[in-house]
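What follows draws every value from the coordinates through simple rules; no lab data is involved. Note that the structure is a prediction, hence the values are computed from the model and not measured. Quick reminder, even Gly has a Cβ in these numbers, built from the backbone with ideal geometry, and neighbours come from all protein chains shown.
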Amino acid sequence: MEPTQQAPATSNISVRRGEPLVVIDHVDKHYGDLHVLNDINTVVNRGEVVVVIGPSGSGKSTLCRAINRLETIDSGTITIDGERLPEEGAALAKLRADVGMVFQSFNLFAHKTVLENITLAPIRVKRISRKEADAKAMELLERVGVANQAKKMPAQLSGGQQQRVAIARSLAMNPKLILMDEPTSALDPEMINEVLDVMIGLAEQGMTMIVVTHEMGFARKAANRVLFMDGGRIVEEATPADFFDHPQSDRAKDFLSKIL
Ligand code: ADP
Ligand code: MG
């Protein structure tokens, strides 16, 4: 077990590494005949960064969406911080607040300023004052390096800037966990690193993260663990060094030979 680590005083993230935060137990899901999640079992501890990789269609996005309850599951259980995922209602809204999600396509509100994108949920859901929400949003924008864009509309920003705003927006709810589904896949190459740097910073500060990405540099630098998925199953689970240097299965070897 890794040592307990205290987040910096200015951070909104409280860190206690080592205890299970997300427990995924015998999870199955079908889309008609397709067994999209096939007996998924894994535990993500607090402060851990888990990278999920695998071929297109292997179920990575479905797994992320199931953890955030954007998708239902057929059987098995997913628990977050000791609580089983709620079906609906206020408990589900609370879960969504606790689990940040960053998508490939940024998903910012196009008709709100950058600042409003960040303050909307804290004001509506957490019912904090606009003044407090603005101050915190500016702090977060500072942290992801786009504070000078606060008054602009999302379309006026580059893709990399927009994705950093999306990350700041998810942080504004003080999530226990952030899920990122291919957060750099839609970016031009020169913008990928500015987003990866923000993600690495979050990892260093102890944020618990589940990140679907094929960015091996990020995985090697920031991940505690890699999950390799294929055909709806977790086929391998290993440290990044073991996975990339010594993949065990033919499927992982084949996949890596195509992307490396
Ligand atoms: P990945 O993110 O690894 O590329 P996905 O989780 O998006 O994979 O999809 C896994 C499989 O499930 C794919 O074959 C996809 O076509 C299928 N799928 C995803 N969403 C749906 C849906 N809403 N209805 C039917 N099939 C779906
Ligand atoms: Mg996907």
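Each of GLY32, ILE259, GLN163 was scored by the projection of its Cα onto the charge dipole of the chain, and the greatest displacement toward the positive side belongs to GLN163; charges sit on the C-beta of Lys, Arg, Asp and Glu. Across ILE53, ILE210, ILE128, mean-square fluctuation computed from a Gaussian network of the chain (C-alpha pairs under 10 Å connected) peaks at ILE128.
Fully extending the segment from ASP250 to ALA97, taken as 0.36 nm per residue of separation minus the present Cα-Cα distance, adds 51.2 nm.
What 222 nm value per residue comes from the helices of the chain, counting each DSSP H run with n ≥ 4 as -39,500 (n - 2.57) and dividing by all residues, nearest 500 deg cm²/dmol? Working shown, then result.
On the way: 9 runs with 95 residues, N = 260.
After summing the helix terms and dividing by the residues of the chain, the value is -11000 deg cm²/dmol.
Close amide H pairs (under 5 Å, H built 1.01 Å from N) link VAL99 with LYS176, residues at least 5 positions away or on another chain.
Name the shape class, rounded, prolate or oblate, that the alpha-carbon gyration tensor gives for segment 116-260, where a ≥ b ≥ c are the square roots of its eigenvalues, rounded holds for a/c under 1.5, and otherwise prolate holds if a/b is larger than b/c and oblate otherwise.
Values: a/c = 2.72, a/b = 2.05, b/c = 1.33.
Prolate.
Of the residues GLY76, GLY145, GLY89, the one that moves most in a GNM of the chain with alpha-carbon contacts below 10 Å is GLY89. To the nearest ten degrees, helix 159-171 and the longest principal axis of the Cα atoms of the chain are 90 degrees apart. Here the Karplus curve 6.51 cos²θ - 1.76 cosθ + 1.60, taken at θ = phi - 60°, turns the phi angles of segment 129-143 into couplings of 5, 4, 4, 5, 5, 4, 5, 5, 4, 5, 4, 5, 5, 4, 4 Hz, with x standing for Gly and Pro. The alpha-carbon atoms of the chain, seen along their principal axes, cover 53, 42, 42 angstrom, with the largest extent given first. Out of LEU34, LEU115, LEU140, any idea which swings most in a Gaussian network model of the chain, alpha carbons joined below 10 Å? Its mean-square fluctuation being the largest, the pick is LEU34.
Taken over the chain, lysine pairs spaced eight or more positions apart, or on distinct chains, with alpha carbons under 14 Å apart number 6. Taking 0.36 nm per residue of separation and subtracting the current Cα-Cα distance, fully stretching the chain between GLU19 and ARG84 would add 21.8 nm. Restricting attention to the chain, close to 55% of DSSP beta bridges with both partner residues there are antiparallel.
Label-to-label distance, SER105 versus ASP74, with points set 7 angstrom from Cα along the beta-carbon direction: 2.7 nm.
Amide hydrogen proximity for VAL235: with H placed 1.01 Å from N in the peptide plane, the residues at 5 or more positions away or on another chain lying under 5 Å are PHE228, MET229, ASP230.
Can you tell me, using C-alpha contacts under 8 Å and at least 6 residues apart, the relative contact order of the chain as a whole percent? Intermediate results must be reported in sequence, preceding the final value.
Values: 480 pairs, mean separation 65.1, N = 260.
Worked out over the chain, it gives 25 percent.
Using a simple spin-label model with pseudo-atoms 7 Å out from Cα toward Cβ, ASP39 and LEU260 lie 2.8 nm apart. Note that segment 29-40 has calculated 3J(HN,Hα) couplings of 8, 10, 10, x, 7, 7, 8, 6, 10, 10, 6, 7 Hz, one per residue in order, obtained from phi through the Karplus relation 6.51 cos²θ - 1.76 cosθ + 1.60 (θ = phi - 60°); glycine and proline are x.
Projecting the Cα atoms of GLN205, LEU187, ALA172 onto the charge dipole of segment 158-217, computed from C-beta unit charges around the Cα centre, puts ALA172 farthest toward the positive end. Across segment 127-177, C-alpha contacts under 8 Å between residues 6 or more apart give a mean separation that, scaled by the residue count, equals a relative contact order of 39 percent.
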